[in-house]
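The values are calculated or read from the model by the stated rules, or taken from the named source; none is laboratory data. Since we're looking at a predicted model, the values are computed, not measured. Heads up, the Cβs are rebuilt from the backbone with ideal geometry, glycines too, and the neighbour counts pull from every protein chain shown.
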Amino acid sequence: MNERFKASALLNPMFPDEITFNEKGVTFKVRKALSSTDNFVFYNDISGVEIEAGIFFSTIRIIPRMRQEIIMKNFSKGDAKKVKELLLQKVQS
């Protein structure tokens, strides 16, 4: 399973956030103008997933155990819902 989700390029065309699923965990790439942060989290280290839905876009908040939360912005509502479903499915299995 190698699924990838990118934030909308509408609000941030040059540096969209990205979420990549693989066999053991998930990578969260938060991009900024001059830097980016890659966070790899094993599925069993995720304690929660929250979605803040706006009119057009959603913010995904990942709550890992023993770490600071990871905030991913500007995902479509459908992608945010799919990311949450996949994470919860992997965390429970």
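For (1) over 10 Å from the mean Cα position of the chain (by Cα); (2) at pLDDT 90 or above; (3) hydroxyl-bearing (Ser, Thr, Tyr); (4) not in a strand (DSSP E or B), each residue gets a yes or a no:
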{"position": "MET1", "(1), (2), (3), (4)": "yes, no, no, yes"}
{"position": "LYS29", "(1), (2), (3), (4)": "no, yes, no, no"}
{"position": "PHE40", "(1), (2), (3), (4)": "yes, yes, no, no"}
{"position": "ILE63", "(1), (2), (3), (4)": "yes, yes, no, no"}
{"position": "GLY78", "(1), (2), (3), (4)": "yes, yes, no, yes"}
{"position": "GLU85", "(1), (2), (3), (4)": "yes, yes, no, yes"}
{"position": "VAL91", "(1), (2), (3), (4)": "yes, no, no, yes"}
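Answer yes if at least one residue in region 67-74 is at positive phi, touching a Ser or Thr at 6+ places or on another chain (Cβ under 9 Å), in contact (Cβ under 8 Å) with a residue 60 or more places away in the chain and surrounded by 13 or more Cβ atoms within 10 Å (Cβ to Cβ), and no otherwise. Yes. Contact map, region 51-63: residues that are farther than 17 Å from VAL26 by Cα paired with residues that are polar (S, T, N, Q) and exposed (fewer than 12 other Cβ atoms within 10 Å of the Cβ), Cβ distance under 8 Å, separation 6+ or inter-chain. No pairs are found. Within region 7-48, the set of residues being crowded, with 16+ Cβ neighbours inside 10 Å and in contact (Cβ under 8 Å) with a residue 40 or more places away in the chain comprises ALA7, SER8, PRO16, ASP17, ILE19, PHE21, VAL26, PHE28, VAL30, TYR43, ILE46.
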